[in-house]
């Protein structure tokens, strides 16, 4: 029988709740996620039950806690209802309503026309977040409630991903995945990262920082974003790149990209400038490389198999090459900017 961690169990009892049917959700999560049914201990005071999720943070990944403490009320339209945030030396976690199914699982079971609709709707939802928070994000940043993007961290994550890719190539467990491809990514990274920060200049807003398809929930036609640990003040193309690096089908990728750009432009944001395109391609190169490291983590933990990894890598490697070629035309003789 699965039991909840002590801190949230004590909080529930103190507030008059029982937790039934506790289960540990499995998947490629860093935190431990518990789903359970909550009921009031005294049914005369309040009846009914609630489908809840408790996210138990690991010590090295608790950056979401201060973000939620400072901004969850401001961002209530974009995340599941937050019931409480635990922040003590013994336990850090977030108790929230179950926001629905992940967008990745929904797309896996949907035909292409339905996938186009839902991706278009989420792209518009993401644009709404960016447009509605643009002015407020600067104030939050000045109050130290929202950090600026830490560009030094990008190289750290990139180096980690490259080490994982080199390790995997040497294991020879994924057919068609070659050391030469990893070496090409090493060379590209050496050219890319010294100028990364200068290539993403532009108007900034609040960015979620990790809106890949497993962090987007949908229930009753309402989207929610979870895992706000990497929320920062940055150019909005950051979120667009993280979202789209997870959309492998080219037609769906273009549909979602166009929907987002159109929504931002309707809101008065310039998205067709050379600056904006360079920002998007830069974020795309950086975040796709980072997420390849996460794909290897899922492969190692058997959350994906070798064939799936090979398919994912082929698409992401090609997109990184295209982004790099466009950003460094003098090195590649091929510019789309």
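No value in this document is a laboratory result; all are computed from the given coordinates. As the structure is a computational prediction, the values presented were derived from the model and not from experiment. As a convention, Cβ positions derive from the backbone with ideal geometry for all residues, glycine included, and neighbour counts pool all protein chains shown.
Could you work out which residue, out of 176, 99, 48, moves most in a Gaussian network model of the chain, that is, has the largest mean-square fluctuation with Cα springs under 10 Å?
48
Using just the helices of the chain, give the 222 nm mean residue ellipticity in deg cm²/dmol: DSSP H runs with n ≥ 4 each add -39,500 (n - 2.57), and the total is spread over all residues, rounded to 500.
The per-residue figure over the chain is -16500 deg cm²/dmol.
Using the 10 angstrom Cβ neighbour count as an exposure proxy, how do 84, 207, 2 rank, fewest first? Walk me through the numbers on the way to the answer.
On the way: 84 15, 207 27, 2 10.
Ordered by Cβ neighbours within 10 Å, fewest first: 2, 84, 207.
From the Cα gyration tensor of the range 192-337, with a ≥ b ≥ c the square roots of its eigenvalues, which class applies: rounded if a/c is under 1.5, or else prolate if a/b is larger than b/c, or else oblate? Present the calculation step by step, with values, prior to reporting the outcome.
On the way: a/c = 1.62, a/b = 1.11, b/c = 1.46.
The shape class here is oblate.
Relative to the longest principal axis of the chain, what angle (0 to 90°, nearest 10) does the C-alpha long axis of helix 306-327 take?
Approximately 50 degrees, to the nearest ten.
How much FRET efficiency would the formula 1/(1 + (r/R0)^6) give for residue 60 and residue 250, where r is the Cβ-Cβ distance and R0 is 41 Å, rounded to 0.05? Please report the intermediate quantities before stating the final value.
On the way: r = 36 Å, r/R0 = 0.88.
Computed FRET efficiency for residue 60 and residue 250 comes out at 0.70.
Taking R0 as 56 Å, what's the FRET efficiency between residue 128 and residue 171 from their Cβ-Cβ distance, rounded to 0.05? Display every interim value, and only then the final one.
Working: r = 43 Å, r/R0 = 0.77.
My answer for the efficiency is 0.85.
Name all residues of the range 282-306 having a backbone nitrogen under 16 Å from the label point set 7 Å from the Cα of residue 159 along its Cα→Cβ direction, giving them as ranges.
Hits in the range 282-306 for residue 159 at 16 Å: 290.
Quick one: grab the alpha carbon gyration tensor of the range 1-147, order the square roots of its eigenvalues as a ≥ b ≥ c, and give me rounded if a/c is under 1.5, else prolate or oblate depending on whether a/b is larger than b/c. Provide the component values of the computation, followed by the final result.
On the way: a/c = 1.79, a/b = 1.24, b/c = 1.44.
Oblate shape, in that a/c is at least 1.5 and b/c is the bigger or equal ratio.
Please order 8, 82, 117 by the number of other Cβ within 10 Å, starting at the fewest. Intermediate values should be presented prior to the final figure.
Details: 8 23, 82 16, 117 12.
Neighbour counts put them in this order, fewest first: 117, 82, 8.
In the chain, what % of DSSP beta bridges are antiparallel (nearest 5)? Could you put the intermediate results ahead of the total?
Working: 34 of 35 bridges.
Among the beta bridges of the chain, antiparallel pairing accounts for roughly 95 percent.
Under 10 Å, Cα contacts only: if you run a Gaussian network model on the chain, which one of 12, 103, 131 comes out with the highest mean-square fluctuation?
12
Of the residues 150, 111, 236, which exhibits the maximal mean-square fluctuation in a Gaussian network model of the chain defined by a 10 Å Cα contact cut-off?
Ranking 150, 111, 236 by mean-square fluctuation puts 111 first.
Relative to the longest principal axis of the chain, what angle (0 to 90°, nearest 10) does the C-alpha long axis of helix 274-300 take?
Orientation of helix 274-300: about 60 degrees from the principal axis.
Nearest 0.05, what FRET efficiency do residue 297 and residue 42 give at R0 = 51 Å with Cβ-Cβ as r?
Details: r = 44 Å, r/R0 = 0.87.
Efficiency, from the Cβ-Cβ distance: 0.70.
Output the 0 to 90 degree angle, nearest 10, between the alpha-carbon long axis of helix 151-171 and the longest principal axis computed from the alpha carbons of the chain.
80
Given Cα pairs under 8 Å that are at least 6 residues apart, what percent is the relative contact order of the range 101-332?
Numbers: 283 pairs, mean separation 64.1, N = 232.
This gives 28 percent for the range 101-332.
Using 0.36 nm per residue of separation minus the Cα-Cα distance, give me the extension gain between residue 89 and residue 195 in nm, one decimal. Intermediate values should be presented prior to the final figure.
On the way: separation 106, 0.36 × 106 = 38.16 nm, distance 3.90 nm.
Gain in length upon complete extension: 34.3 nm.
Pairs of Cα atoms under 8 Å, at least six residues apart: use those to get the relative contact order of the range 6-97, whole percent.
Working: 148 pairs, mean separation 22.2, N = 92.
So the answer I get is 24 percent.
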